1. Of the listed peptides 80-89, 19-28, what is their order by residue-averaged count of other C-beta atoms within 10 Å, with the highest listed first?
2. If each of Ser5 and Ser43 carries a label point 7 Å out from its Cα toward its Cβ, how far apart are those two points in nm?
3. Using Cα pairs closer than 8 Å and at least 6 residues apart in sequence, work out the relative contact order for the chain, in percent.
4. Between Glu73 and Arg110, what is 0.36 nm times their sequence separation minus the Cα-Cα distance? Round to one decimal in nm.
5. On C-alpha positions alone, give me the angle between the axis of helix 72-84 and the longest principal axis of the chain, in degrees, nearest 10.
6. Compute the convex hull volume of the Cα atoms of the range 22-110, divide it by the residue count, and report the result per residue in Å³ as a whole number.
7. Beyond 15 Å, what share of the Cα-Cα pairs of the range 1-46 remains, rounded to the nearest whole percent?
8. Assign unit charges at the C-beta atoms only (+1 for Lys and Arg, -1 for Asp and Glu), then state the dipole size of the range 28-110 relative to its Cα centre in Debye, rounded to the nearest 20.
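None of the figures in this text is laboratory data; all of them are computed from the coordinates on show. Because the structure is a prediction, the values reported are computed rather than measured. Neighbour counts are summed over all protein chains in view; Cβ atoms, including those assigned to glycine, are modelled from backbone coordinates with ideal geometry.
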Amino acid sequence: WELESMGGEPAPPGAGGAAIDLVLNAQDGTASGFSGCNRYQGSFAKSGNSTHGTPLKFGPMAVTMRACAEGEEAERAYLKMLDGVDGYRIQGSSLALLQGAKVVATFKLR
């Protein structure tokens, strides 16, 4: 999934103009991708409470420690957003991550 929007704003570009992305592996419950400056990996579970979508919770993310001249601010905001997600909705080729009733990020299928 490629990030389209976050916090109601168009997705910020990562380092070198690369898109922030999210790969969900349902077989082993892992989430990974490019967070704006570094690569990240962690866990996810379809558990918890979500009154506006299917429950989803991300575990702690391990992040590589590369220093970047650009993309670090977007990365911090993105990883913080993932930490607060409690649900999701998929419509066609779009994924919406939710925090309560609020859509905190949207992604397009890559």
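1. Sorting 80-89, 19-28 by mean packing, highest first, produces 80-89, 19-28.
2. Simple spin-label model gives 3.3 nm for this pair.
3. 28
4. 11.0 nm
5. 20
6. Here the figure is 93 Å³ per residue.
7. 47
8. With only Lys, Arg, Asp and Glu charged at Cβ, the dipole is about 240 debye.
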